[in-house]
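Take a look at the structure set out below.
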Amino acid sequence: MEWPSYLDEYQKLVIRMTTPRVMIDNAGCFNATRITIDSVRKHGILLEAVQVLTDMNLSIKKAYICSDGRWFMDVFHVTDQNGNKLTDAGDINYIKLSLSTIHYGSSKGFGGLTALELTGTDRLGLLSEVFAVLSDLQCNVVESKVWTHNGRIASVIYVKDCDSGSPIEDSQQINRIEGRLRYVLKGDNDIRSATTSVSMGVTHTERRLHQMMFADRDYERKPIIRTSGDSPIVTVQNYLEKGYSVVNIQCNDRMKLLFDVVCTLTDMQYVVFHATINTAGELAYMEFFVRHTDGTPISSEAEKQRVILCLQAAIQRRASVGVRLELCTTDRRGLLADVMRTFRENGLNVTRAEISTIVREKGLNPLGDTAKNVFYVTDASGNPADSNIMESVRLKVGMSNLIVKELPTIYHQATEKNEPTFGTGGAVLLSLGSLVRRNLYNLGLIKSYS
């Protein structure tokens with residue numbers, strides 16, 4: 001490595017010591033790629049590592065977290081979305097580079113765009129009104145994510161000016177956008193809790209959505225739409241001998257599950273010192289040994305219940321409720337407003353949405369940018385939408401543009417039913433010594449942990 005001339009030997013030593021060491025191994029595990037990260041410990045670094053893996057749409061089959069003193073080691077067993085090991089050299093090098101720089105707190109941002117943040121009471125047709133307002137105000141929606149949970153909605157929308165293609169920075173225009181959107185969000189029943197704001201968009205979008213719904217206290221509200229899946233089982237117990245609180249979770253496995261859990265624990269100011277994550281068939285089992293950032297365990301029954309509710313909410317926010325619709329077509333002004341209006345007119349409610357735009361390269365695509373959007377929709381009551389209505393919507397939007405998909409394959413394929421590796425719901429506390437020995441065994445550093 002060639003060092004910049006302005007660095008002295010001490011600075012070089014600090015960089016060597018604090019730069020995470022990343023090893024990626026395809027030989028040590030027969031059905032997954034093993035990624036090992038060895039680094040100096042700091043608050044939030046586990047979340048940064050998990051974020052890198054989930055942003056690449058990797059499925060985390062197993063994970064072992066071990067942190068002692070000022071050092072930590074994470075081991076992740078991952079596959080691609082099809083359950084295969086990682087073999088592409090470009091992807092492997094990108095993972096190494098990204099994980100080696102997590103100490104610098106890099107986040108996926110959207111340069112050159114204005115970020116709008118919205119929270120309020122969900123209702124049928126709300127997104128239709130939101131995107132109609134943005135279209136009327138000459139805002140081009142480039143990227144967006146929308147989550148709904150327990151009757152609340154949160155969205156981060158990245159926009160630019162339709163005419164200039166530049167971010168919207170004029171204060172009067174920003175005030176106009178905020179005012180119109182706040183009016184739409186308030187409706188008739190949400191005068192106090194509806195909020196709109198313009199941000200710089202420096203926080204990871206999905207982490208920001210968790211923060212917005214947490215601040216909106218969605219975890220305290222009763223669900224409006226009952227999901228088909230079982231509710232996550234979360235228990236919290238104190239291991240006072242070692243000064244830890246032990247959080248056990250059993251729930252249906254899915255993509256980005258570990259990110260949602262670690263994100264919530266981190267933003268609630270808890271530090272994960274040790275953890276074991278395992279998947280068996282369609283289920284995931286997670287165990288975390290945590291403390292507050294000040295080093296103390298969870299101190300009261302009320303705090304335990306709050307942690308349980310918040311983790312359950314974090315797992316359920318991303319639940320795929322409804323039929324998955326995929327829209328892929330040439331982007332144009334007002335496209336989203338038109339599609340959402342069609343949904344509303346046919347009584348379809350959007351429970352989650354991911355909006356993205358593939359910007360054309362000059363000279364390669366004469367038709368313009370491409371809109372690639374994903375929507376999860378139900379009827380107004382939260383039930384599966386009628387197939388005739390779905391076909392009517394497709395006919396209006398474009399049969400070849402809007403495709404009806406089954407729910408994405410987010411559960412791991414079970415080749416055999418395995419017993420849980422630790423307690424489910426009741427969750428038996430493990431001694432810290434046993435946990436550390438087990439982690440060392442899984443890392444291949446000792447031959448037995450019995």
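The values are calculated or read from the model by the stated rules, or taken from the named source; none is laboratory data. What you see is a predicted model, and the numbers here were worked out from it, not measured in a lab. Positions of Cβ are generated from backbone atoms using ideal geometry, with glycine treated the same way; all protein chains shown enter the neighbour counts. Calculation scope for accessible area: heavy atoms of the full protein, side chains included, ligands and nucleic acids excluded. Shrake-Rupley method; radii C 1.70, N 1.55, O 1.52, S 1.80 Å.
Against the definition (touching a Phe, Trp or Tyr at 6+ places or on another chain (Cβ under 6 Å) and not polar (S, T, N, Q)), how does residue 178 come out, yes or no? Write out each step before concluding.
On the way: touching a Phe, Trp or Tyr at 6+ places or on another chain (Cβ under 6 Å): no; not polar (S, T, N, Q): yes.
No; evaluated as a whole, the condition is false for this residue.
Take the residues in region 324-347 that are among the β-branched types (Val, Ile, Thr) and open to solvent by less than 40 Å² (accessible area, probe 1.4 Å); name whichever of them is modelled with the lowest pLDDT.
Here is the first cut: in region 324-347, the ones among the β-branched types (Val, Ile, Thr) are 329-330, 339, 342.
In the following step, the residues that additionally are open to solvent by less than 40 Å² (accessible area, probe 1.4 Å) were identified as 329, 339, 342.
Details: 329: 93, 339: 96, 342: 96.
This residue is 329.
With the condition kept exactly as written, say whether any residue in region 206-215 is over 17 Å from the mean Cα position of the chain (by Cα) and not aromatic (Phe, Trp, Tyr). Break it down into steps so the answer makes sense when it comes.
Taking region 206-215 first, the residues over 17 Å from the mean Cα position of the chain (by Cα) are none.
There is no residue in region 206-215 that is over 17 Å from the mean Cα position of the chain (by Cα) and not aromatic (Phe, Trp, Tyr).
Please tell me if residue 249 is touching a Pro at 6+ places or on another chain (Cβ under 7 Å) and open to solvent by less than 30 Å² (accessible area, probe 1.4 Å).
Details: touching a Pro at 6+ places or on another chain (Cβ under 7 Å): yes; open to solvent by less than 30 Å² (accessible area, probe 1.4 Å): yes.
For residue 249, the condition - touching a Pro at 6+ places or on another chain (Cβ under 7 Å) and open to solvent by less than 30 Å² (accessible area, probe 1.4 Å) - is met.
Quick one: which of 277, 308, 298 is over 17 Å from residue 209 (Cα atoms), among the β-branched types (Val, Ile, Thr) and in a strand (DSSP E or B)?
Values: 308 fails: in a strand (DSSP E or B); 298 fails: in a strand (DSSP E or B).
Result of the check over 277, 308, 298: 277.
What about residue 74, is it among the charged types (D, E, K, R) and open to solvent by 20 Å² or more (accessible area, probe 1.4 Å)?
Numbers: among the charged types (D, E, K, R): yes; open to solvent by 20 Å² or more (accessible area, probe 1.4 Å): no.
Considered against the rule, which asks whether it is among the charged types (D, E, K, R) and open to solvent by 20 Å² or more (accessible area, probe 1.4 Å), residue 74 comes out as no.
Only one of 284, 353 is over 30 Å from residue 239 (Cβ atoms) and within 19 Å of the chain's Cα centre (by Cα); which? Steps first, answer last, please.
Working: 284 fails: over 30 Å from residue 239 (Cβ atoms).
Exactly one of 284, 353 is over 30 Å from residue 239 (Cβ atoms) and within 19 Å of the chain's Cα centre (by Cα), namely 353.
Out of the residues in region 284-296 meeting the condition of being farther than 17 Å from residue 46 by Cα and at pLDDT 95 or above, tell me which one is surrounded by the fewest Cβ atoms within 10 Å (Cβ to Cβ).
285
Looking at region 249-270, can you tell me whether even one residue there is over 28 Å from residue 152 (Cα atoms) and out of contact with any Lys or Arg (no Cβ under 7 Å at 6 or more places or on another chain)? So that I can check it myself, show each step before the final result.
Taking region 249-270 first, the residues over 28 Å from residue 152 (Cα atoms) are none.
Scanning region 249-270 turns up no residue that is over 28 Å from residue 152 (Cα atoms) and out of contact with any Lys or Arg (no Cβ under 7 Å at 6 or more places or on another chain).
Within region 127-141, work out how many residues are in a strand (DSSP E or B) and touching a Leu at 6+ places or on another chain (Cβ under 6 Å).
Here is the first cut: in region 127-141, the residues in a strand (DSSP E or B) are 139-141.
Of the ones still in play, those that are also touching a Leu at 6+ places or on another chain (Cβ under 6 Å) are 141.
Final tally of qualifying residues: 1.
Hey, does region 353-365 have a residue that's part of a loop (DSSP other than H, G, I, E, B), at negative phi, of a type in the set (Asp, Glu) and surrounded by fewer than 15 Cβ atoms within 10 Å (Cβ to Cβ)?
Residues of region 353-365 part of a loop (DSSP other than H, G, I, E, B): 359-365.
Now drop any that are not at negative phi, which leaves 359-362, 364-365.
Within this subset, residues satisfying the condition of being of a type in the set (Asp, Glu) are 361.
Going one step further and asking which of them are surrounded by fewer than 15 Cβ atoms within 10 Å (Cβ to Cβ), we end up with 361.
Yes, some residue in region 353-365 is part of a loop (DSSP other than H, G, I, E, B), at negative phi, of a type in the set (Asp, Glu) and surrounded by fewer than 15 Cβ atoms within 10 Å (Cβ to Cβ).
So, in region 311-323, of the ones that are open to solvent by less than 20 Å² (accessible area, probe 1.4 Å) and part of a helix (DSSP H, G or I), which residue ends up farthest from residue 248 (Cα to Cα)?
Residue satisfying both the conditions and the ranking: 317.
Quick test for you: out of 67, 98, 144, 135, pick the one residue that is in contact with a Phe, Trp or Tyr (Cβ under 8 Å, 6 or more places away or on another chain), among the small types (Gly, Ala, Ser), in contact (Cβ under 8 Å) with a residue 24 or more places away in the chain and surrounded by fewer than 21 Cβ atoms within 10 Å (Cβ to Cβ).
Numbers: 98 fails: in contact with a Phe, Trp or Tyr (Cβ under 8 Å, 6 or more places away or on another chain); 144 fails: surrounded by fewer than 21 Cβ atoms within 10 Å (Cβ to Cβ); 135 fails: in contact with a Phe, Trp or Tyr (Cβ under 8 Å, 6 or more places away or on another chain).
Matching residue, one of 67, 98, 144, 135: 67.
May I ask you to list the residues in region 299-321 that are closer than 11 Å to residue 257 by Cα and of a type in the set (D, E, K, R)?
317, 318 - these are the residues of region 299-321 that are closer than 11 Å to residue 257 by Cα and of a type in the set (D, E, K, R).
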